[in-house]
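This report refers to the structure that appears directly beneath it.
The values are calculated or read from the model by the stated rules, or taken from the named source; none is laboratory data. Because the structure is predicted, anything quoted here is derived from the model rather than measured. Ideal geometry is used to build each Cβ from the backbone, glycine not excepted, and the neighbour counts take in all protein chains shown.
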Amino acid sequence: MKARRYTCIVCGRVFPEGQGIMIRRAGILLAFHSKSCLAKFFRLFVERLDEKEFKRAAVDVVKEFEELRKARQAVKKI
C-alpha cells in the first residue's frame, strides 16, 4: 500500500503522510511541508482577517496560553 502524499499549499513541495503540518478545519485541509511555510501562510491569513474577529480570537488564545503557563509554574514549585 502506497503512503499518501500531500502538496504544500505555500511552496508546492510534495511530502509523504506523517511529515509536515496538517490542519483540517471547516472541511478544508491545509498542508504545509515546514514550519516556515506555515508561518508565511499564517502571516498573510492574519492580515486578511477582520480586525474585530482577530482581536476576539487573539485575546482568547493569549489568555488560554497564559493560564497554561501559570498552571505549569505552580506544578514546578518544590
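Elements of the type strands (runs of 3 or more DSSP E) sitting completely within the chain and holding at least 1 residues that are modelled with pLDDT of 95 or more, of a type outside the set (Gly, Ala, Ser) and surrounded by fewer than 10 Cβ atoms within 10 Å (Cβ to Cβ): these cover 21-25, 28-32.
Whether a residue is touching a Lys or Arg at 6+ places or on another chain (Cβ under 9 Å) and among the charged types (D, E, K, R) was assessed, and GLU17 passes this test.
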